[in-house]
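Novice: For reference, the structure I am asking about is given below.
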Amino acid sequence: MGLRRLTDKIYYLPHDPELDRPMLAYVKGDKYALAIDAGYSASHVRSFYAALRACNFGEPDFTVITHWHYDHTFGLCAAEGVSIAHQKTNLFLREQKVKAQGRGYVDDLKESDAHFAKEYTGRNEVSIVLADLEFSNEIILNLGNLTARVFHTDSPHSEDTTCVLIPEEGVLFLGDSTSEDFFNGGYMDKAKLNRLILTIRSIDCKYCALSHCEPLEKDELLAYLDSIG
């Protein structure tokens with residue numbers, strides 16, 4: 001699976017439904033490159049970097065994490081450059097790091113998630129690392145004639161949800177923010193969803209990129225969300 005082009009300066013490795021690997025995106029500024037999310041495992045990251053090399057792209061200078069869930073963070077151990085996450089993301093990762101010291105952590109994840117079992121077939125350990133830099137509300141990255149606005153937002157999916165807006169390219173990365181809370185019995189908090197919809201509606205962008213599907217035009221996504229909100 002190779003990179004796909006979304007805009008002149010944004011590319012992505014598509015999500016993999018078989019393993020439930022999320023999309024990994026690459027934003028190519030004139031000075032720095034930014035990756036969005038660190039993937040399911042070191043193997044996932046290596047596949048991403050191989051796809052970058054095939055396009056003669058360098059490895060990312062920065063990696064932003066959209067939320068703490070393992071399919072977005074357990075590849076952080078293999079990520080190059082400086083990693084950035086919301087402070088709650090690092091808090092949750094610290095908790096998982098402690099849990100991973102106990103016996104049966106990986107086996108329990110394999111039992112509860114068939115996709116995790118596929119991703120970690122033959123492996124009984126994970127390497128959980130924290131992001132290098134934390135932020136609380138918003139951080140702006142100047143990538144060189146390209147801006148990344150990294151901000152925390154309310155979401156039904158996870159308390160640490162982080163979105164990334166690339167205004168010059170008209171692209172908003174939303175992670176899994178529009179989905180239900182996987183770790184709370186699949187609960188969908190409609191009030192949080194509606195606040196997220198208002199946030200999306202207020203942002204000037206052409207494309208909205210969710211982690212487990214192909215990028216959508218903003219109007220397409222809003223029409224879908226309005227139908228379930």
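What follows is calculated from the coordinates using simple rules that are stated; it is not laboratory data. Note that the structure is a prediction, hence the values are computed from the model and not measured. Neighbour counts are summed over all protein chains in view; Cβ atoms, including those assigned to glycine, are modelled from backbone coordinates with ideal geometry.
Novice: Can you list the HN-Hα couplings for the range 3-11, worked out from phi with the Karplus curve (6.51, -1.76, 1.60; θ = phi - 60°), rounded to whole Hz and with x for Gly and Pro?
Specialist: Coupling constants for the range 3-11: 5, 10, 9, 9, 9, 4, 10, 10, 10 Hz.
Novice: Something else: Suppose every K and R has +1 on its Cβ and every D and E has -1 on its Cβ; what is the size of the dipole of the range 98-203 about the Cα centre, in Debye to the nearest 20?
Specialist: Charge dipole of the range 98-203: 140 debye, to the nearest 20.
Novice: Using Cα springs under 10 Å in a Gaussian network model of the chain, which residue among Ile166, Ile84, Ile140 shows the largest mean-square fluctuation?
Specialist: Its mean-square fluctuation being the largest, the pick is Ile140.
Novice: For q = 0.11, 0.15 Å⁻¹, what log10 I(q)/I(0) does the range 105-213 give under the Debye formula with an equal point scatterer on each alpha carbon and no solvent?
Specialist: Computed log10 I(q)/I(0) values: -0.47, -0.81.
Novice: Please identify, among Gly102, Gly29, Gly170, the residue showing maximal mean-square fluctuation in a Gaussian network model of the chain using a 10 angstrom Cα cutoff.
Specialist: Of Gly102, Gly29, Gly170, the most mobile in the Gaussian network model is Gly102.
Novice: Where both residues lie in the chain, what percent of DSSP beta bridges are antiparallel, nearest 5? Mind showing how you got there, number by number?
Specialist: On the way: 27 of 40 bridges.
Just about 70 percent of them are antiparallel.
Novice: State the number of lysine pairs found in the range 1-148 whose Cα atoms come within less than 18 Å, restricting to pairs 8 or more positions apart or on distinct chains. Could the numbers behind the result be given before it?
Specialist: Working: Lys9/Lys28; Lys9/Lys31; Lys88/Lys97; Lys88/Lys99; Lys97/Lys110; Lys99/Lys110; Lys110/Lys118.
Step by step, the pairs that qualify in the range 1-148 add up to 7.
Novice: Wrap a convex hull around the Cα atoms of the range 1-149, take a quarter of its surface area, and give that in square nanometres.
Specialist: Its average projected convex-hull area is 8.7 nm².
Novice: Under a 5 Å amide H to amide H cut-off, with H placed in plane at 1.01 Å, what residues pair with Lys9 once short-range neighbours are removed?
Specialist: Amide H neighbours of Lys9: none.
Novice: Return P(r) of the range 175-222 (all Cα-Cα pairs; 10 Å bins starting at 0; whole %; ordered from short to long distances).
Specialist: Reading upward from the zero bin: 24, 53, 22, 1.
Novice: List the trypsin sites (Lys or Arg not before Pro) within the range 1-48 that DSSP assigns to loop and that have no more than 11 neighbouring Cβ atoms inside 10 Å.
Specialist: Working: sites: Arg4, Arg5, Lys9, Lys28, Lys31, Arg46; in loops: Lys9, Lys31.
Those that pass, being in a loop and sparsely packed, are Lys31.
Novice: Also, I was wondering about something else. Could you work out the local net charge near Ser43, counting Lys and Arg as +1, Asp and Glu as -1, over the other residues with Cβ closer than 10 Å to its Cβ?
Specialist: For residues surrounding Ser43, the net value is +2.
Novice: Right, here's the next one. Quick one: among His157, His86, His115, which has the greatest mean-square fluctuation in a GNM of the chain with alpha-carbon springs under 10 angstrom?
Specialist: His115
Novice: Please state, as a whole number in µm²/s, the translational diffusion coefficient that the Stokes-Einstein equation yields for the range 12-62 at 20 °C and 1.002 mPa s, with Rh defined as the Kirkwood radius across alpha carbon pairs.
Specialist: 193 µm²/s
Novice: Taking a spot 7 Å from the Cα of Lys118 along the direction of its beta carbon, which residues of the range 1-30 have an amide N less than 13 Å from it?
Specialist: Flagged as within label range: 15-22.
Novice: Lys and Arg at +1, Asp and Glu at -1: add these up for the other residues within a Cβ distance under 10 Å of Tyr70 and post the number.
Specialist: Working: positive: none; negative: Asp71, Asp113, Glu119.
Within the 10 Å Cβ shell, the charges total -3.
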